[in-house]
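S.K.: The structure follows.
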Amino acid sequence: MQFRLTLRPVARQTLVPFNYAYRLSAFIYAVLADAEPVYARFLHEQGYAFSATRRFKLFTFSDLIMPDAKVDPKAGGMWVNSPYIEWVVSFYIDKAAQHFIMGLFQDQRCVIATPRHRAAEFIIERVEAVPVDIASETVRLRTLSPVVIAEKDERGLDQYLHPADVHFGPLLISNLLAKWGSAQTVTPAGRTTDDDFDESTLTYRLLPDREPRSRLLTIKEDSKAQTQVRGYYNFTFELNGPRELLELAVLAGIGRYNAEGFGGVGVV
């Protein structure tokens, strides 16, 4: 399911640091751990296995939607200039869990804190389910957070691809099929996962209505596992294929690092 959360800043002046996604990911794990510690530990430590080296969490989330936010490079973040902001969180789970998830987030206090910044605190005042109804085998999607697609160069280093790159679509599709393969025990909306799909099942097409932008972002900032990745956002694209896979793209995210806040998409 996909959920839209309405957050109210606690303080009159609230600064959200640029690399806030890692803190939001930690918040989601903490909320789940309070209610379902076994499930939260499974997600955090294991996830759904496609192979010995590829595991997926099958959830993602959007950037914070902050109207009229003021970017302040010197302060290292963005000042909230609206009484409310919004946030979209997606889980590849059965619809029967919808009300359970909504109840977990309602009235929670979300704190975004880093060693360099004063904590930004928000109260979640509203949680609403966003229907994800895939009515055909073609869907138009827009990015809600940066999408990370990369391929290895001759040195074994990641080269982050522009959405118009000829290899972007095939890598996106390969990643989505790996997620599907990992989801052997997940049956959203009462569906089964007995179907097998191959790369000819899906097609990707970048739409020309807007120019993709990129951001260099830090994952796990101020930790030993800190790393930088480049993601692309502000673009729309079309996927064609089985509706089960299209739904998976929306609910689990596309590309890499979905549980860290990358690859969130919404239906146009």
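S.K.: Return the pair list, or none, for Cβ contacts closer than 6 Å from residues in the stretch 63-78 that are closer than 16 Å to Arg116 by Cβ to residues that are part of a strand (DSSP E or B) and of a type in the set (A, V, I, L, M), at least 6 apart or on different chains.
M.R.: Pairs found: Ala75/Leu15; Gly77/Leu15; Gly77/Val16; Met78/Val16; Met78/Val71.
S.K.: Please specify each residue of the stretch 9-54 satisfying the condition of being among the basic types (Lys, Arg) and either more than 23 Å from Gly266 (Cα to Cα) or in contact with a Pro (Cβ under 6 Å, 6 or more places away or on another chain) (or both).
M.R.: Passing the criteria: Arg12, Arg41, Arg54.
S.K.: When you scan the stretch 38-53, do you find a residue that is more than 25 Å from Thr218 (Cβ to Cβ), aliphatic (A, V, I, L, M) and touching a residue at least 12 places away in the same chain (Cβ under 8 Å), even just one?
M.R.: Within the stretch 38-53, one or more residues are more than 25 Å from Thr218 (Cβ to Cβ), aliphatic (A, V, I, L, M) and touching a residue at least 12 places away in the same chain (Cβ under 8 Å).
S.K.: Same structure again: Do we have any residue at all in the stretch 238-248 that's touching a Phe, Trp or Tyr at 6+ places or on another chain (Cβ under 7 Å), surrounded by 19 or more Cβ atoms within 10 Å (Cβ to Cβ) and not in a strand (DSSP E or B)?
M.R.: yes
A quick yes/no check of all residues on (1) in a strand (DSSP E or B); (2) among the aromatic types (Phe, Trp, Tyr); (3) in contact with a Cys (Cβ under 8 Å, 6 or more places away or on another chain); (4) not assigned by TED's automatic domain parsing to the domain that holds Asp107:
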site	(1), (2), (3), (4)
Arg12	no, no, no, no
Asn19	no, no, no, no
Phe27	no, yes, yes, no
Ala30	no, no, no, no
Ala33	no, no, no, no
Ser51	no, no, no, no
Glu86	yes, no, no, no
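S.K.: Residue check, Leu5 against (1) surrounded by 20 or more Cβ atoms within 10 Å (Cβ to Cβ); (2) assigned to a helix (DSSP H, G or I), all met but one. Which one?
M.R.: (2)
Here is a yes/no grid of residues against (1) at pLDDT 95 or above; (2) within 16 Å of Tyr257 (Cα to Cα); (3) surrounded by fewer than 12 Cβ atoms within 10 Å (Cβ to Cβ):
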site	(1), (2), (3)
Leu157	no, no, yes
Ala164	yes, no, no
Leu172	yes, yes, no
Arg191	no, no, no
Leu207	yes, no, no
Ala225	no, yes, yes
Gln228	no, yes, yes
Phe235	yes, no, no
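S.K.: A follow-up question, please. Of everything in the stretch 61-115, what is crowded, with 16+ Cβ neighbours inside 10 Å, touching a helix residue (DSSP H, G or I) at 6+ places or on another chain (Cβ under 8 Å) and among the β-branched types (Val, Ile, Thr)? Give them in sequence order.
M.R.: Val89, Ile93, Ile112, Thr114
Here is a yes/no grid of residues against (1) part of a helix (DSSP H, G or I); (2) modelled with pLDDT under 90; (3) farther than 19 Å from Ser90 by Cα:
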{"site": "Cys110", "(1), (2), (3)": "no, no, no"}
{"site": "Arg118", "(1), (2), (3)": "no, yes, yes"}
{"site": "Glu121", "(1), (2), (3)": "no, no, yes"}
{"site": "Arg126", "(1), (2), (3)": "no, no, no"}
{"site": "Ser136", "(1), (2), (3)": "no, no, yes"}
{"site": "Arg142", "(1), (2), (3)": "no, no, no"}
{"site": "Gly169", "(1), (2), (3)": "yes, no, yes"}
{"site": "Ala178", "(1), (2), (3)": "yes, no, no"}
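S.K.: A follow-up question, please. Name the residue that is nearest to the chain's Cα centre (by Cα), counting only residues in the stretch 70-115 that are closer than 18 Å to Asp34 by Cα and polar (S, T, N, Q).
M.R.: Only one residue tops the list, namely Gln98.
S.K.: Quick check: anything in the stretch 15-31 β-branched (Val, Ile, Thr), in contact with a helix residue (DSSP H, G or I) (Cβ under 8 Å, 6 or more places away or on another chain) and under 22 Å from Asn175 (Cα atoms)?
M.R.: no
S.K.: Check off (1) closer than 20 Å to Ile124 by Cα; (2) part of a strand (DSSP E or B); (3) not hydroxyl-bearing (Ser, Thr, Tyr) for Asn81 and give me the number that stays unchecked.
M.R.: With respect to (1) closer than 20 Å to Ile124 by Cα; (2) part of a strand (DSSP E or B); (3) not hydroxyl-bearing (Ser, Thr, Tyr), Asn81 is out only on (2).
S.K.: Looking at (1) under 18 Å from Ile173 (Cβ atoms); (2) at pLDDT 95 or above, find the lone condition where Glu244 falls short.
M.R.: If we test Glu244 against (1) under 18 Å from Ile173 (Cβ atoms); (2) at pLDDT 95 or above, just (2) comes out false.
The values are calculated or read from the model by the stated rules, or taken from the named source; none is laboratory data. No experiment lies behind these values; they were computed from the predicted model shown. With ideal geometry, Cβ positions are generated from the backbone for all residues, glycine too; neighbour counts draw on all protein chains shown.
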